[in-house]
Amino acid sequence: MIENGVPLPPTVYPLAKGRVWAMLAGSLVFVALGIVFLVVHSTVKMTVAGVLAVPFFGCCSVIIIQRLLRDRPELVLDDAGVDHERLGRFGWDEIAAVRIREQRVRNTSQRFIELVLHDPDAYLARAPKLVRSTASMNARLGFGPANMATNTLPVPPEAILDAMRRHRPGLVIQA
């Protein structure tokens, strides 16, 4: 959007490194626990837990380390659209609306920003592999394919929506 004849500069949100370091520490703890289960315990249940924990949380740790080393912004908003580290680039014309969603699992919840797309299939055709692989599960849960986790952003999701509205004043914000 142009204000007073001057285009708005991009709004850049860096990776919330403190939170991501905490996620890495948590993953490494589970890798260590998995190793303990494999080495110390001789029950089938503990062996299976170790066999599952070590590669899964080891893979998570590698992905987190890559994100920290790349040191790219997590989210960039500009007059042309949205550029998210994991989801890719969206033009404002692709986005029908945005909303804050919450997924509750037992005693915890995860907040995220969902981009409601005009044509989700067109996005999925070009989406990163991880997004394509989780899209059917998201659909079964009632979510679209373009969901931004807020735990790696340095500001609350409401601040992101406000910035989106500054760059695209007509953007529909759903409750």
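The values are calculated or read from the model by the stated rules, or taken from the named source; none is laboratory data. Keep in mind the model is a prediction, meaning the values are calculated, not measured. Cβ sites come from the backbone with ideal geometry, for glycine too, and all protein chains shown count toward neighbours. Heavy atoms of the whole protein, side chains included, go into the accessibility calculation; ligands, DNA and RNA do not. Shrake-Rupley method; radii C 1.70, N 1.55, O 1.52, S 1.80 Å.
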Flagged pairs (Cβ under 7 angstrom, 6 or more apart or on separate chains; first in the stretch 73-87, assigned to a loop (DSSP other than H, G, I, E, B) and crowded, with 18+ Cβ neighbours inside 10 Å; second modelled with pLDDT under 90 and β-branched (Val, Ile, Thr)) are GLU74/THR152; LEU87/VAL131
Note on the stretch 30-47: residues loosely packed, with under 12 Cβ neighbours inside 10 Å and among the β-branched types (Val, Ile, Thr) are VAL39, VAL40, THR43, VAL44
* Asked: Hey, does the stretch 52-67 have a residue that's under 20 Å from the mean Cα position of the chain (by Cα) and closer than 21 Å to ILE160 by Cβ?
  -> yes
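So which of LEU52, LEU38, LEU8, LEU24 ends up being under 24 Å from ASN151 (Cα atoms) and not β-branched (Val, Ile, Thr)? Spell out the reasoning first.
Numbers: LEU52 fails: under 24 Å from ASN151 (Cα atoms); LEU38 fails: under 24 Å from ASN151 (Cα atoms); LEU8 fails: under 24 Å from ASN151 (Cα atoms).
Only one candidate passes the filter, namely LEU24.
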Residue pairs within 8 Å by beta carbon, gap of at least six or interchain, first lying in the stretch 108-123 and among the small types (Gly, Ala, Ser), second modelled with pLDDT under 95 and assigned to a strand (DSSP E or B), listed first then second, are SER109/GLU102; SER109/GLN103
| query | Right, PRO156: surrounded by fewer than 18 Cβ atoms within 10 Å (Cβ to Cβ) and either in contact (Cβ under 8 Å) with a residue 60 or more places away in the chain or of a type in the set (Lys, Arg) (or both) or not? | reply | no
### Task
Check the stretch 1-22 and report whether any residue there is among the β-branched types (Val, Ile, Thr), modelled with pLDDT of 90 or more and assigned to a helix (DSSP H, G or I).
no
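Would you confirm, using the coordinates I've provided, whether ARG67 is open to solvent by 40 Å² or more (accessible area, probe 1.4 Å), closer than 26 Å to ALA125 by Cβ, assigned to a helix (DSSP H, G or I) and among the basic types (Lys, Arg)?
Numbers: open to solvent by 40 Å² or more (accessible area, probe 1.4 Å): yes; closer than 26 Å to ALA125 by Cβ: yes; assigned to a helix (DSSP H, G or I): yes; among the basic types (Lys, Arg): yes.
Here the answer is yes, as ARG67 does meet what is asked.
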Every listed condition ((1) open to solvent by less than 50 Å² (accessible area, probe 1.4 Å); (2) in contact with a helix residue (DSSP H, G or I) (Cβ under 7 Å, 6 or more places away or on another chain)) holds for GLY26 save (2)
Listed by first then second residue, the pairs whose first member lies in the stretch 49-65 and is closer than 16 Å to LEU38 by Cβ, whose partner is open to solvent by 70 Å² or more (accessible area, probe 1.4 Å) and of a type in the set (Val, Ile, Thr), with beta carbons under 9 Å and at least 6 positions apart or on separate chains, are GLY50/ILE35; GLY50/VAL39; ALA53/ILE35; VAL54/ILE35; PHE57/VAL29
Within the stretch 23-47, of all residues that are assigned to a loop (DSSP other than H, G, I, E, B) and of a type in the set (Ser, Thr, Tyr), the one modelled with the lowest pLDDT is SER42
